[in-house]
Amino acid sequence: MKKVVVLDYGSGNLRSAVRAVERAGAEVTLTGDFDAALEADGLLVPGVGAYAACMAGLREIKGDRVIGRRLAGGRPVLGICVGMQVLFERGIEHGVETDGCDEWPGVVERLQAPVVPHMGWNTVDVPTGTTLFDGIEGERFYFVHSYGVRDWTLVTNDRTKAPLVTWADAGDRFVAAVENGPLCATQFHPEKSGDAGAALLRNWIGTL
Amino acid sequence: MGVAVRVIPCLDVHGGRVVKGINFLDLRDAGDPVELARTYDAEGADELTFLDISASHEERATTMEMVSRCAEEVFIPLTVGGGVSSTADVDRLLRAGADKVAVNTAAIRRPELVAEIADRFGNQVLVLSVDARRAPEEAATDSGWEVTTHGGRQSAGLDAIAWAKQACDLGAGEILLNAMDADGTTDGFDLDLIAAVRHEVTVPVIASGGAGAVDHFPPAVDAGADAVLAATVFHFGTLRIGEVKDGLRAAGHPVR
């Protein structure tokens, strides 16, 4: 059975993430330990609350370095919600700019929609070639967020492959998921998305 | 398409047990919140709300265990409310497995609590529960709506619409709007109240109170509700989650 670490770097509901990954068929440890997070077959980076607070918590346990080291070795990482947002270049909340892990270019900013937070079950626009959404392309997933990546111009050349980006619309278009080699992320909560979420986690565990 | 209208059953719990009568389906233990949560999940509930009506610390500790067991078995969002009065209470509930926490009376007494919770945990965890009704003539408010406490028995001396707006400015991420005039009538949601709140806030609004038939739900969404919550009609099997969703879908509203 594959071993997954759910990275513990602050408060919030981590129990659901742990149980959902267990149910999807992996052995799960909830820890903020550097070596454990580095050695696991898969690392799940959750995250709720403010961008700045999440980045501070992540840096405190050197989580940003764990992510970087794992990716250098091609070892899978899955970011969820703010755990996805911190993978981008930076976040802007209430006028405060915070540097992220900078694994991807792009800025996390407030959604420009009539009703914010974007809360509830929404559809996603899945690109061809997806692994994460295999068999669940038409399902709805549970979102709860006020910020997102609203613009991402993908640049490719002969040497690199562009990330597969899934978009969603909450009255404002934003990045709902990214598949980029060993680095994947979802803005929605697979651990709260019922059977569809469980299928997505199984798809991810299948890549480990 | 867009985000689906959420249909949310609400369970009153006391000392970790569901207290309102449940008499539908073949539940082995109708008072077990976990079994009931599982049943509602299977029926298509988009979220579950637990309202803890316990009075003592011991009973609340039992509720905490109940939340944990639910979070381990049911993979849809869980909101827990009832007696939440500090950031420590919120932290305990989130750690137990709640995704969102509803505050009501404690926020009326001390509005700063809303900002404290939002600053620490983010506004997405914070549901402001407002028990509102038409203000009586002798205690008129600007909007015509007032906030009540003690299950609608007492006036809080606050304008309900102004309070909802203030709480959102302080950081509430969602409004659970309980229409006290409609509550228990099964005559339909209080559409005027929903529209009045929708007009003033930009966070999601959950309409509650008055649901008695499938065709009561679409007008609540037309009035501005993002989600609909009901207790009795679901617990007694008067309505099934699927029927409510079919009704919403037929009226042109997206559902899961």
Task: Matching residues in segment B:122-136 - criterion: being of a type outside the set (Gly, Ala, Ser), modelled with pLDDT under 95 and not in a helix (DSSP H, G or I) - done: B:Pro136
Open item on the list: Just the residues that are modelled with pLDDT under 95 and either within 19 Å of the chain's Cα centre (by Cα) or buried (at least 17 other Cβ atoms within 10 Å of the Cβ) (or both), please, taken from segment A:154-180.
Closed with: A:Leu154, A:Ala162, A:Pro163
- [ ] Filter segment B:208-246 down to residues that are within 15 Å of the chain's Cα centre (by Cα) and within 14 Å of chain A (Cβ to nearest Cβ), then give me how many there are.
- [x] 5
- [ ] Please work out which one of (1) touching a Phe, Trp or Tyr at 6+ places or on another chain (Cβ under 6 Å); (2) without any contact (Cβ under 8 Å) to a residue 60 or more places away in the chain; (3) surrounded by 15 or more Cβ atoms within 10 Å (Cβ to Cβ) is the condition A:Thr123 fails and give its number.
- [x] (1)
TODO: Select from segment B:56-87 the residues that are small (Gly, Ala, Ser) and farther than 25 Å from B:Glu112 by Cβ and write down the one among them that is nearest to the other protein chains (Cβ to nearest Cβ).
DONE: B:Ala71
Task: B:Thr232, sole failed condition from (1) of a type in the set (Val, Ile, Thr); (2) crowded, with 19+ Cβ neighbours inside 10 Å; (3) over 15 Å from B:Arg134 (Cβ atoms) - done: (2)
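Could you tell me how many of the residues in segment A:101-118 are in contact with a His (Cβ under 8 Å, 6 or more places away or on another chain) and either among the β-branched types (Val, Ile, Thr) or within 9 Å of chain B (Cβ to nearest Cβ) (or both)? Quick ask: steps written out before the conclusion?
Start the filter on segment A:101-118 by keeping residues that are in contact with a His (Cβ under 8 Å, 6 or more places away or on another chain), which leaves A:111, A:117-118.
If we keep only those that are either among the β-branched types (Val, Ile, Thr) or within 9 Å of chain B (Cβ to nearest Cβ) (or both) too, we end up with A:117-118.
Looking only at that region, the number is 2.
The values are calculated or read from the model by the stated rules, or taken from the named source; none is laboratory data. Everything numeric in this text was worked out from a predicted model, so none of it was measured. Glycine also receives a Cβ, built like all others from the backbone with ideal geometry; neighbour counts cover every protein chain displayed.
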